[in-house]
Structures are given as structure tokens and as C-alpha cells.
Amino acid sequence: QVHLVESGGGLVEAGGSLRLSCAASGRTFSTYSMAWFRQAPGNKREFVAHISESGASTLYADSVKGRFTISRDNVKNTAYLQMNSLKPEDTAVYFCAARGFIATPDRYEYAYWGQGTQVTVSS
């Protein structure tokens, strides 16, 4: 079992930056992938970024590519999402997820989820 706790959300003006953190419990953090998702009111949860176990491989949604950076510290058991050049459309609850796996040939899922942290970007 992995317990995830997000932090770092808040209110920021458009063009500003925020850094989200996701602290994971347990001693096996370096053995599983991590990801960030977000969900805006009335919308489905959408993928934001993914990072491999070692941190060597990352993947981003087109909407955040070039503005957001996912990283991890396997000593601190923490994943991060650095968000720059924020836009009002980035407003959402941001969730971290852990231990990605292939659920079906065309579906990749994550076993563990945090409770989320609110990010609000004012125009």
C-alpha cells in the first residue's frame, strides 16, 4: 500500500509559477512510476505528466509541454510538478498517482492516488 500526499497548491496570477509536491509512504518509491493528473470543475480527470521509476523518462500532455516539468527525488520519496507560465485554464485540482501498470493493451492506469491539491490561476 502506498499513501500519497500532495502539497503546494494555491492561488497564483496568470504567468506565475507553482511547485507541487507529492510525498509517498513506504520504502519502495524508486520501484514505481509516478504521474500527475488534474480535474477542472465539470471536466473529466486528465493526464498531465508521467515520470519513470528512475526519472530518466518523462511524458507530458501537449497542453503543458514546455511549461510544466515533472521530477522526482528517490531519496526523499517525493515527486514534483514545477508549473511555469500558468494560465487560467490550468485551474484544477491536481492529483498525483503512483505505480503505473498496463490494465489492458490500450489502457494504462495507476494503482494509488492522492487526495489532490487545488491550483487556481487568476487572469
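The values are calculated or read from the model by the stated rules, or taken from the named source; none is laboratory data. Quantities reported herein were computed from a predicted structural model and do not represent experimental measurements. Cβ atoms come from the backbone with ideal geometry, glycine included; neighbour counts cover every protein chain shown. Remember, those area values only see protein heavy atoms, side chains included, never the ligands or the DNA or RNA. Shrake-Rupley method; radii C 1.70, N 1.55, O 1.52, S 1.80 Å.
Which length gain, in nm to one decimal place, applies between residue 7 and residue 111 when the Cα-Cα distance is subtracted from 0.36 nm times their residue separation?
Working: separation 104, 0.36 × 104 = 37.44 nm, distance 1.98 nm.
Roughly 35.5 nm would be gained on extension.
In the complete set of protein chains, residue-level accessible area for residue 7 is approximately 60 Å², probe 1.4 angstrom. Centre-to-centre, using Cα atoms only, the range 1-19 and the range 38-115 are separated by 12 Å. Both radii come from the Cα set of the chain: Rg as radius of gyration, Rh as Kirkwood radius; their ratio Rg/Rh reads 0.95. Loop-located trypsin sites (Lys or Arg not before Pro) across the range 1-40 with a Cβ neighbour count of 15 or fewer within 10 Å are 27, with loop assigned by DSSP. Just the protein heavy atoms count here, and of the accessible area of the chain at 1.4 Å, carbon and sulfur take up 49 percent. Annotation: residue 22 carries an accessible surface of approximately 0 Å², with a 1.4 Å probe and no ligand, DNA or RNA atoms counted.
Heavy-atom accessible surface of the range 58-113, averaged per residue, reaches 54 Å², computed with a 1.4 Å probe. Judged by the gyration tensor of its Cα atoms, with axes a ≥ b ≥ c, the range 20-61 is oblate; a/c meets the 1.5 cut and b/c is at least as large as a/b. The trypsin sites (Lys or Arg not before Pro) of the range 42-123 that meet both conditions, a loop assignment by DSSP and at most 14 other Cβ atoms within 10 Å of the site Cβ, are 44, 65, 76.
Rolled with a 1.4 Å probe across the full set of protein chains, the surface gives residue 113 an accessible area near 80 Å².
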